[in-house]
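Enquirer: Before we start, here is the structure in question, set down as structure tokens.
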Amino acid sequence: MKVSSKTVPTFFFHGWGSSWHVEDTMAQAIKRAGATNTIVRVNVNKKGHARLIGKIKKNAKNPLVEVNFSDNKLTNSQYNGQYANAYDSTGARYVKNAIDLVRNKYHYSKINIVAHSMGNLEVASYIKLNAGKKNFPQIDHLVAMAGHYDGIIGIRGWGVWGVVFH
């Protein structure tokens, strides 16, 4: 299998109640296979502040960015115990802050995204809310694992990629 050596970062977004530790299993396997030489992490705290851990060198091949949300169940954004609508607010903001931090520091115009479960909902909300904006990155590849695109309890009229199904 031929592996591209472009310098396009791939962001990994974890699922509900999870963390970067799950992403690291995949990232380390990718590194052992020789498809990358760089793994960094972005921690996003409960207030949405993103902090980069590690550096991406100029000679980085397919850098991987493990994103970790401290509020990994969106508990700070639940309304009467309902976390579903927090994807469009808090979850999308967490994704945006993580991506913007790396893009602003390293000036990437293209990115790849790998997301699992709740991470997919947060990424979909990020795309839905930001795709038409000036500094929105080009997404080369998007891998969605165990996404809830046929709907989720608590989100009315929200379907695949923001297309409304009634």
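Enquirer: Quantify how much of the Cα-Cα distance distribution of segment 32-72 extends past 16 Å, in percent.
Expert: 43 percent
Enquirer: Would you tally the net charge around D24, using a Cβ to Cβ cut-off of less than 15 Å, leaving D24 out, and scoring K and R as +1, D and E as -1? Can you show the working numbers first?
Expert: Numbers: positive: K31, R32, R41; negative: E23, E66.
Its environment carries a net charge of +1.
Enquirer: Let me ask you something else. Between segment 1-62 and segment 106-129, what is the C-alpha centre distance in whole Å?
Expert: 13 Å
Enquirer: Let me ask something else about it. How do D71, D24 rank by accessible surface area computed with a 1.4 Å probe, from largest to smallest? Before the final figure, lay out each step's value.
Expert: On the way: D71 0, D24 40 Å².
In descending accessible area the options line up as D24, D71.
Enquirer: Give me the percent relative contact order of segment 19-145, please, defined on Cα pairs under 8 angstrom at least 6 residues apart.
Expert: About 21 percent, as a whole number.
Enquirer: Quick one: grab the alpha carbon gyration tensor of segment 1-63, order the square roots of its eigenvalues as a ≥ b ≥ c, and give me rounded if a/c is under 1.5, else prolate or oblate depending on whether a/b is larger than b/c.
Expert: On the way: a/c = 2.61, a/b = 1.56, b/c = 1.68.
Because a/c hits 1.5 or more and a/b fails to exceed b/c, segment 1-63 counts as oblate.
The values are calculated or read from the model by the stated rules, or taken from the named source; none is laboratory data. Quick caveat, the model's predicted, so the values are computed rather than measured. Counting neighbours? That spans all protein chains shown, and the Cβs are built from the backbone with ideal geometry, glycine included. In case anyone asks, the SASA skips ligands and DNA or RNA and just uses the protein heavy atoms, side chains included. Shrake-Rupley method; radii C 1.70, N 1.55, O 1.52, S 1.80 Å.
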